[in-house]
Amino acid sequence: MKAYRYTLFLFLYILLPGSFADAQPGAFNPQLLECGRHGEVEVVCGTVAPEDFERTPDGRFLIVAKMGRGEERGLDLFELATQTFVEIPLSAEKRPDWGEAACTESIGGRIQPHGLSLSKRASGEWQLYVVNHSVRESMEMYELLPDGAKWKLAWRGCVPAREPYNDVAALPDGSFVATRPQAIQKEGQSPFGGAPSGNVAVWTAGDGERVLPGSEYGYPNGVLVSGDGRFAYISGWATRDLHQYDLTAKKEVAKCEFNFMPDNLTWTQDGKILAAGIKGVNGNCPPESDHPCIQGFKVAEVDPKTLERRILYDNDGMALINGVSVATEAGNAIYVGSFQGDRLVKLPRGGN
């Protein structure tokens, strides 16, 4: 499947020495630090490739997209109070107003999740949209429901993807905006060279999937939509930037740049954008090493109105986690996840 090809390609580019000709220095090659506390930072193990997070409405859990392989992939709940993972229960009942009418069957626990988006529908349900790469390329749609003191998911529908999605922003009317990082990539073209390789699509029940004009970016990755539905914010992973796109005017209206590769985007509790990602890999990684180069990472906060940004955290040589893809605020901490490995990292909200 195309999704497996581009995921494998992504992993190879990041882990092989010298993959990024224009990457910044800072890759290093020690073993990752052990699980547990390291000063104000805590490494929490017991997961597999926690690529994206969403906070549950009660603020007590993170929904974790495990982008692993085989039985190791799927959706977990991470309880913040106990710092433990548990598989989230799944059931299925198709609803006619969720997704496309032709999508009538759930894939059950065979999901391979990528990006997540949790929001409330205009009709009151909590909807969790999940980018999926297993069985079918699709946007799987779930209703998040209370399950005693925890939460469970009920599958309600899906939208088959014309091109593999990466991340999604679900909207109150049931529609969504999704990134398609390799939708326009030419044969033999590297998606990491900075040239446009993908675009951004919007799906609605009435019109189906349509590409947003002028949304051709260098590996478009994370996406958020403002609360009023006016603007989409899209991270250019290969080009190290963030694009503000006016969904009404159908054009980009602003852009800012980073000195790292922003992956998924999340909202803070006071309406700022968190962007996290790797700094890149240089050519100083010994090819005979038993351990791949560990990419440094950063977490930045962005004002969605002005696109002013500030760095909240820089790992600065501390070997905490590899392949950083997301940062999410929960309580007085920031949780950092990855598209590979066995861990997430808890950072103090004040940064460093």
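The values are calculated or read from the model by the stated rules, or taken from the named source; none is laboratory data. Source: prediction; values computed, not measured. Cβ: placed from backbone, ideal geometry, glycine included. Neighbour counts: every protein chain shown.
Please find, among G337, G350, the residue that is part of a loop (DSSP other than H, G, I, E, B) and not charged (D, E, K, R).
Values: G337 fails: part of a loop (DSSP other than H, G, I, E, B).
Being part of a loop (DSSP other than H, G, I, E, B) and not charged (D, E, K, R) holds for just one of G337, G350, which is G350.
Taking the criterion of being loosely packed, with under 14 Cβ neighbours inside 10 Å and over 21 Å from A276 (Cα atoms), would at least one residue in segment 126-145 satisfy it?
Yes, there is a match, as at least one residue in segment 126-145 is loosely packed, with under 14 Cβ neighbours inside 10 Å and over 21 Å from A276 (Cα atoms).
When you look at E71, is it more than 20 Å from L265 (Cβ to Cβ) and either at pLDDT below 95 or surrounded by fewer than 17 Cβ atoms within 10 Å (Cβ to Cβ) (or both), yes or no? Break it down into steps so the answer makes sense when it comes.
Working: more than 20 Å from L265 (Cβ to Cβ): yes; either at pLDDT below 95 or surrounded by fewer than 17 Cβ atoms within 10 Å (Cβ to Cβ) (or both): yes.
Here the answer is yes, as E71 does meet what is asked.
Would you confirm, using the coordinates I've provided, whether A183 is among the small types (G, A, S) and under 16 Å from the mean Cα position of the chain (by Cα)? Give the derivation first.
Working: among the small types (G, A, S): yes; under 16 Å from the mean Cα position of the chain (by Cα): no.
Spelling it out, it is not the case that A183 is among the small types (G, A, S) and under 16 Å from the mean Cα position of the chain (by Cα).
For residues that are assigned to a loop (DSSP other than H, G, I, E, B) and either of a type in the set (D, E, K, R) or on the phi > 0 side of the Ramachandran plot (or both), scanning just segment 198-219, find the one that is surrounded by the most Cβ atoms within 10 Å (Cβ to Cβ). Talk me through it step by step, then tell me what you get.
In the first step, residues of segment 198-219 are kept if they are assigned to a loop (DSSP other than H, G, I, E, B); the result is 205-207, 212-216, 218-219.
Still in the list and also either of a type in the set (D, E, K, R) or on the phi > 0 side of the Ramachandran plot (or both): 207, 214, 216, 219.
Numbers: D207: 9, G214: 13, E216: 16, Y219: 27.
Result: Y219.
Results for (1) outside any loop (DSSP other than H, G, I, E, B); (2) farther than 19 Å from S197 by Cβ, shown as yes or no for each residue.
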site: A238; (1), (2): no, no
site: Q244; (1), (2): yes, yes
site: T248; (1), (2): no, yes
site: N259; (1), (2): no, yes
site: G271; (1), (2): no, yes
site: G277; (1), (2): yes, no
site: G280; (1), (2): no, no
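Kindly indicate whether E257 is modelled with pLDDT under 95, among the acidic types (D, E) and surrounded by fewer than 17 Cβ atoms within 10 Å (Cβ to Cβ).
Answer is no for this residue.
Suppose we filter segment 282-329 for residues that are at pLDDT 95 or above, out of contact with any Gly (no Cβ under 7 Å at 6 or more places or on another chain), in a strand (DSSP E or B) and among the hydrophobic types (A, V, I, L, M, F, W, C); how many remain?
So the answer is 5.
Hey, among the residues in segment 74-86 that are assigned to a strand (DSSP E or B) and more than 19 Å from the chain's Cα centre (by Cα), which one's surrounded by the most Cβ atoms within 10 Å (Cβ to Cβ)?
Selected residue: E79.
Within segment 89-99, identify whether any single residue is of a type in the set (A, V, I, L, M) and in a loop (DSSP other than H, G, I, E, B), and answer yes or no.
No.
Restricted to segment 157-197, and to residues that are part of a loop (DSSP other than H, G, I, E, B) and among the polar types (S, T, N, Q), which residue is surrounded by the most Cβ atoms within 10 Å (Cβ to Cβ)?
Of the residues in segment 157-197, the ones part of a loop (DSSP other than H, G, I, E, B) are 161-167, 171-175, 181-197.
In the following step, the residues that additionally are among the polar types (S, T, N, Q) were identified as 166, 175, 182, 185, 189-190, 197.
On the way: N166: 30, S175: 17, Q182: 21, Q185: 18, Q189: 13, S190: 17, S197: 27.
The residue in question is N166.
Out of curiosity, is A154 modelled with pLDDT of 95 or more and not in a loop (DSSP other than H, G, I, E, B)?
On the way: modelled with pLDDT of 95 or more: yes; not in a loop (DSSP other than H, G, I, E, B): yes.
Yes, satisfied.
Look through S91, S106 and report the one residue that is surrounded by fewer than 19 Cβ atoms within 10 Å (Cβ to Cβ), of a type in the set (S, T, N, Q) and on the phi < 0 side of the Ramachandran plot.
Working: S106 fails: surrounded by fewer than 19 Cβ atoms within 10 Å (Cβ to Cβ).
S91 is the lone residue from the list that is surrounded by fewer than 19 Cβ atoms within 10 Å (Cβ to Cβ), of a type in the set (S, T, N, Q) and on the phi < 0 side of the Ramachandran plot.
Of the residues T248, T266, which single one is more than 14 Å from V302 (Cα to Cα) and not hydrophobic (A, V, I, L, M, F, W, C)?
Numbers: T266 fails: more than 14 Å from V302 (Cα to Cα).
Just a single option satisfies the conditions, and that option is T248.
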